[in-house]
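Everything on this sheet refers to the single structure shown next.
The values are calculated or read from the model by the stated rules, or taken from the named source; none is laboratory data. Predicted model only: the values in this text are computed from it and were never measured. Ideal geometry is used to build each Cβ from the backbone, glycine not excepted, and the neighbour counts take in all protein chains shown. We work out accessible area using only protein heavy atoms, side chains counted, and drop any ligands, DNA or RNA first. Shrake-Rupley method; radii C 1.70, N 1.55, O 1.52, S 1.80 Å.
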Amino acid sequence: MEASLLHQDAVVIGGGFYGCAIAIYLARKRGFRRVLLLEAEPKLLQRASYNNQARVHNGYHYPRSFTTAYRSRINLPRFVEDWPQVLSTNFTKLYAIARRNSKVTGRQFERFCHEIGARIEPADKTFKSLFEPHLIEDVFVVQEYAFDSSKLARWAETELRDAHVEVRLNSHVDSIARTADGGLSVVICPKSGETYRTEGRYVFNCTYSGLNQLSGDFPGTQTRLKQEVTEMALVEAPPELLDVGVTVMDGPFFSMMPFPARNLHTLSHVRYTPHQNWDDQPGVDPYERLRRYPRETRVDRMIRDVRRYMPAAARVKYVDSLFEIKTVLAKNEVDDGRPILFEKHASLPGCYSVLGGKIDNIYDVFERLDAESLIDTAY
Ligand SMILES: Cc1cc2nc3c(=O)[nH]c(=O)nc-3n(C[C@H](O)[C@H](O)[C@H](O)COP(=O)(O)OP(=O)(O)OC[C@H]3O[C@@H](n4cnc5c(N)ncnc54)[C@H](O)[C@@H]3O)c2cc1C
């Protein structure tokens, strides 16, 4: 084994946005000198942090969960300040309210936006004319942005290097165990080469869908998780939809948002984006399940329904689909809320599990980390 890998101040498992941001935080804000980041894929930010809708939330999406909405509203300006280079703001964001089967009316939506302090204005005639008036009750212009996940990955690579975090790609972690001297031992299976071990005072499990797939002494999360195979279609928008992002609330809803990393739009639909779901359990590896899943697109069904509300959608050109596992807290199935999961495992001191839920929740995670008295001396 390489000596440099033997003792770490912290080992971070999972090189998505959360693992990268936490590794950088530990090195820069907490003075950790030896931080090791382990990622199963050949590159950083390839999984949920790339395969998502790229929306920087500002609360509008969550009329059924005031806390999530309010936190998004607070976190958006901070995200805008900290990651201006990844933002795409050059489009108009519309929220439209369906007349039938919607869990919210136009009036209620407007009131809710005022309550959380999020900007909202009635859309003008040109934007309203994009929608079928028999099916859409009201249309609003709001302040919501998209992020470029490729640029976010580039930010992570640069910052990790500058913060002297050691990054090991193609490195799948199998287990975490207690060591006799009070540390934590992590077993790593590289894609090529032999299994090896490293030790750290702290281990941060930031594996998103894989949170409960680690063996050894890892106890699993107390919070129950739900796994979902999702499909986001990538489409070329027709000219009148090119510079807009649309979300129809809140029941029969769909979204069509710019996806800056590919210069396309994502199309998601509440009925067709989730293909399959199950209660998370150890031994049922979601990544493996997705790997074996026959990825048959449902884009035709998405478009068929979306064009009823927004006729121009009939002319979108399908390019590709992003299939990914979406992991949510089981308790939020009803209200669609997206709080963070931040668990400190009492039976495995020094080990934390973190799930962000959405990108801007990083600030909620930083707050929780700030409150932890992490020791920065070498192990
Ligand atoms: C379909 C979909 C749409 C979404 N839309 C939005 C949106 O519009 N806006 C928003 O803010 N959020 C959205 N989200 C949520 C957002 O994508 C996630 O909150 C965020 O990307 C999670 O980051 P992460 O680092 O926790 O997970 P990931 O980016 O998935 O990173 C986890 C990493 O851990 C690695 N890993 C897993 N197991 C192991 C192991 N055993 N050993 C080593 N490495 C391992 C994985 O390879 C992966 O790279 C969406 C998610 C999905 C799936």
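With the alpha-carbon atoms of region 333-379 aligned to their principal axes, the span from lowest to highest coordinate is 42, 23, 14 Å, starting with the largest.
Computed from the Kirkwood radius of its Cα pairs, the Stokes-Einstein diffusion coefficient for region 190-277 at 25 °C and 0.890 mPa s stands at 144 µm²/s. Excluding ligands, DNA and RNA, the accessible surface per residue across the chain is 44 Å² with a 1.4 Å probe. Shape annotation for region 31-119: C-alpha extents along the principal axes are 53, 28, 27 Å, from largest to smallest. The fraction of accessible area contributed by carbon and sulfur in region 87-187 is 45 percent, rounded to a whole number (1.4 Å probe; ligands and nucleic acids excluded). Quick one: in the chain, what % of C-alpha pairs are over 25 Å apart? The proportion of pairs with Cα distances above 25 Å equals 55 percent. Building the convex hull from the alpha-carbon atoms of region 116-169 and averaging its projection over directions returns 7.5 nm². Put a plus charge on the Cβ of each Lys and Arg, a minus charge on the Cβ of each Asp and Glu, and nothing anywhere else: the dipole of the chain about its Cα centre is then about 760 debye.
The GluC sites (Glu not before Pro) found in region 183-276 that occupy coil by DSSP, while having at most 15 further C-beta atoms within 10 Å, are Glu194. Of the accessible area of region 1-66, computed with a 1.4 Å probe over protein heavy atoms only, carbon and sulfur atoms account for 51 percent. If a spin label sat at a point 7 angstrom from the Cα of Arg289 along the line to its beta carbon, the backbone N atoms of region 254-280 nearer than 14 Å would be those of 274-280.
Among the GluC sites (Glu not before Pro) in region 322-377, those placed in a DSSP loop whose Cβ has at most 15 other Cβ atoms within 10 Å are Glu333, Glu372. Residues within the reach of a label modelled at Tyr318 (point 7 angstrom out along Cα to beta-carbon, backbone nitrogen below 12 Å), restricted to region 283-308, are 296-305.
Size estimate for region 190-338 follows the Kirkwood approach: the inverse of mean 1/r over distinct Cα pairs works out to 17.7 Å. Considering only alpha-carbon pairs that sit under 8 angstrom and 6 or more positions apart, the relative contact order computed for the chain is 24 percent. The share of accessible area on region 215-355 that comes from carbon and sulfur is 45 percent, using a 1.4 angstrom probe. With the helix formula -39500 (n - 2.57) applied to DSSP H stretches of n ≥ 4, the chain reaches a computed 222 nm mean residue ellipticity of -6500 deg cm²/dmol. Size descriptors for region 123-269: radius of gyration and Dmax over Cα atoms are 22.5, 70 Å.
Calculate, in whole percent, how much of the Cα-Cα pair population of region 266-379 lies beyond 19 Å. So the portion of pairs separated by more than 19 Å is 64 percent.
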